[in-house]
1. What distance in nm lies between label points placed 7 Å from Cα along the C-beta direction at Ala500 and Thr250?
2. Considering only Val349, Ile657, Gly594, whose Cα is most displaced toward the positive end of the charge dipole of the chain, charges sitting on Cβ of Lys, Arg (+1) and Asp, Glu (-1)?
3. Under a 5 Å amide H to amide H cut-off, with H placed in plane at 1.01 Å, what residues pair with Asn197 once short-range neighbours are removed?
4. Extending each Cα 7 Å along its Cβ direction at Arg448 and Ala77, get the distance between those two points in nm, one decimal.
5. Name the residue from Ala173, Leu398, Asn159 whose Cα lies farthest towards the positive end of the charge dipole of the chain, charges +1 on Cβ of Lys and Arg and -1 on Cβ of Asp and Glu.
6. Based on Cβ point charges of +1 for Lys and Arg and -1 for Asp and Glu, what charge dipole magnitude is obtained for the chain about its Cα centre, in debye rounded to the nearest 20?
7. Would you kindly state the longest site-free stretch of the chain, with sites defined as GluC sites (Glu not before Pro) in a DSSP loop (not H, G, I, E, B) surrounded by at most 12 other Cβ atoms within 10 Å?
8. Kindly write out, for the range 257-272 in residue order, the coupling ³J(HN,Hα) from the Karplus curve 6.51 cos²θ - 1.76 cosθ + 1.60 (θ = phi - 60°), rounded to whole Hz, with x marking Gly and Pro.
Amino acid sequence: MARRSTKTPPPEEFEERILDIDVVDEMQGSFLEYAYSVIYSRALPDARDGLKPVHRRILYQMNDMGLRPERGYVKCARVVGEVMGKLHPHGDASIYDALVRMAQPFSMRLPLVDGHGNFGSLGNDDPPAAMRYTECRMASATSLMTESIDEDTVDFNPNYDGSEREPVALPAAYPNLLVNGSSGIAVGMATNMPPHNLGEVIAAARHLIKHPGADLDTLMRFVPGPDLPTGGRIVGLAGVRDAYESGRGTFKIRATVTVDDVSPRRKGLVVTELPFAVGPEKVIAKIKDLVGSKKLQGIADVKDLTDRAHGLRLVIEVKNGFNPEAVLEQLYKLTPMEESFGINNVALVDGQPLTLGLKELLEVYLDHRFEVVRRRSEFRRSKRQDRLHLVEGLLTALLDIDEVIRIIRSSENAAQAKESLIARFSLSDTQTQYILDTPLRRLTKFDRIELEAEQDRLAQEIAELTRILDSDAELRKLVSGELATVAKKFGTDRRTVLLASAGATVASVPLEVPDDPCRVLLSSTGLLARTASGEPPVDDGEAGRAKHDVIISTVPATARADVGVVTSTGRLLRISVIDLPTLPDTAAAPNVSGGAPLTEFLSLAEGERVMCLTTLDESSPGLALGTAHGVVKRVVPDYPANKEELEVITLREGDEIVGAAELRTGDEDLVFITDDAQLLRYPAAQVRPQGRAAGGMTGVKLAAGAKALSFNAVDPAADAMVFTVAGAQDTLDDSMQAAKLTPFDQYPRKGRATGGVRCQRFLKGESCLVMAWAGVAPPRAAAKSGTPVPLPEPDPRRDGSGIALDTPVAAIAGPVT
């Protein structure tokens, strides 16, 4: 026996219904629906107000919440919640991201949201704070986007669930799409539009209102190119014109950079503006990667000195020996300091994505604005006509108010009173109802005067609105005037510089500074510098003198060589010439006020002084040194390249070097001047060259208690002078000085290790020489500050007395040779 089934058959309405659909057709249809949704509802801006749906919903909801610029801030989370709950059910993250961008002054040329708190940084190096921390309200310009939205100026559609209504576009009192730009990626298409200057765009729009047939070249006289919020420089305008003509084009944005002295020793590149949407952290990270991989040379350090007070300031220090301009070209080529911007003007026009040029963008906006102003005028005229109708009815009743009151009192009910008033005064139903609703306190003589004035005002306003609606020229004039008011209130100066080309390229300039001849100079005030060429400057005498022009030592060199510095303790220290600042190339006597202090390059012990500069050329005759104890030494030029510090003499205890000079030919005369006014001159050939460790030999015979005050090497064939200053040994008053300038040829040659001849006679109060010098004429003297000091006229007497000085002399030297 077959078992009986206990299952109840499914009801007829639940029977399976299987549809046989081709998967290709289903995928194609579903994808097209998805693509249309993304294009229309999310990714592309509307050409009328320049906003995507999420931005439009944020601004509309903020306006609906009453977040005016003159009111207080509210939490961004509250705004995001209202927008998400009522208009945009796509998640809070996308809404907050859109709100943040509208509040960033480096993203929007005219920000639409006034933010309070951390809304991120340029390049998103510092992300914005969470929406529970930040606050916002409408920016001043945002009221222009939503102005008159409640006057039937735009159409409204139901929201996602039909419980609310939202505008399809905002009234937009200025061309927001061009002013703030837009970017978005849809399905199969994308938009990327740069910001522009508000004043320039409005000027072009007003010109197009007056001249609808204007061509692109005419409009580009008003809008020559984008104006980015971060400034920078746009290089190459051909791509900009292509974009304005066809809607597609490409241009390059370069950072704004100046070459400046960032330290006494180095030049650097100071970046004050970066390309659009590029932050300093991105640039720094790229530079460090390139330097680490040795793809970029010449960078010593990168510092981000950006702050709220001074704005963006990125300092890139350039190594000595590299041309800053050539390094800058490498940075443009390899880092985000130069970026390409591809313009793709895709926007929605009547719901369809179109690629628009500059004129088309302006025309679409102006058509929208004409429609907004027309609908606004119709709405206002209708409201005034309705009000005028009520005022006229009330005035009619006031002419015979007693009869009106009698009719109302004698009527059985409001309906009968209404019918009686209509029949008696020929009023409309609306007028009659308004009279019945008006309290008796409004029916006074004073109120009648007010109503008559209101009647006249309404009639004038209706006539004016009718004139605008009846005349296309008046409508255009009104729109143009409103745009001019917006430009005057919110217009700002252009920030981005437009360059037709990159200018003169420095590609032919070598990256590294060439090893050209130069001269290294040491001033009396301790400043070091190098000249731009190897030729000595022409001496123009006392007339062209300036502060810091007394050069106590100079040596020929090349830009990438090393020179030596001899100190009073017998040390020779290396200095790289490339590290020294370069003086301007001039034919006049050099002024090293632009040099760098010695302390930037050397570490000197307390009391240690620099005697002279020397080349490290081992083919030269070497150094000549003289000490306070009268020791002389010629040093064999043996300077190992791997040592930064050398000893060139072994000094006895208590001794120090009082003078040093590099011999050029070996035929010079060596000159000692002692503090007891004795001068000894003899040929350098009388001194045998010694190794660096030697202690030298007797150079001058000193009297008891005397010491050598000065030592130098002088070319006997040159015109030379001897300068001596007498003073009192037991006083520190340097104002009591008597100086004497005598020709060098007045002093005869003597043998080495002799006592020499007298070079100055002491007067009353003078007991010793406090300063002495012998060298090539003409001599230059300076005070401690480096200020030039005039010298007395030469005295032919070698043992004559000195002349009192008006200004104490701290240093003296001959011309640069």
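Since every read-out is calculated from the coordinates, none of them should be taken as a lab result. These numbers were taken from a predicted model, which means no experiment stands behind them. Cβ coordinates were reconstructed from backbone atoms using ideal geometry, including for glycine residues, and neighbour counts include every protein chain displayed.
1. 2.3 nm
2. Ile657
3. Answer set, sorted by chain and number: Asp227.
4. Here the answer is 6.2 nm between the modelled labels.
5. Farthest towards the positive pole: Ala173.
6. On the way: 95 positive and 114 negative charges, 323 e Å.
Around 1540 debye, computed over the chain.
7. Working: sites that count: Glu15, Glu16, Glu70, Glu412, Glu606, Glu618, Glu644, Glu653.
Answer - 71-411.
8. 10, 10, 8, 9, 7, 8, 7, x, 10, 9, 9, x, 9, 9, 9, 10
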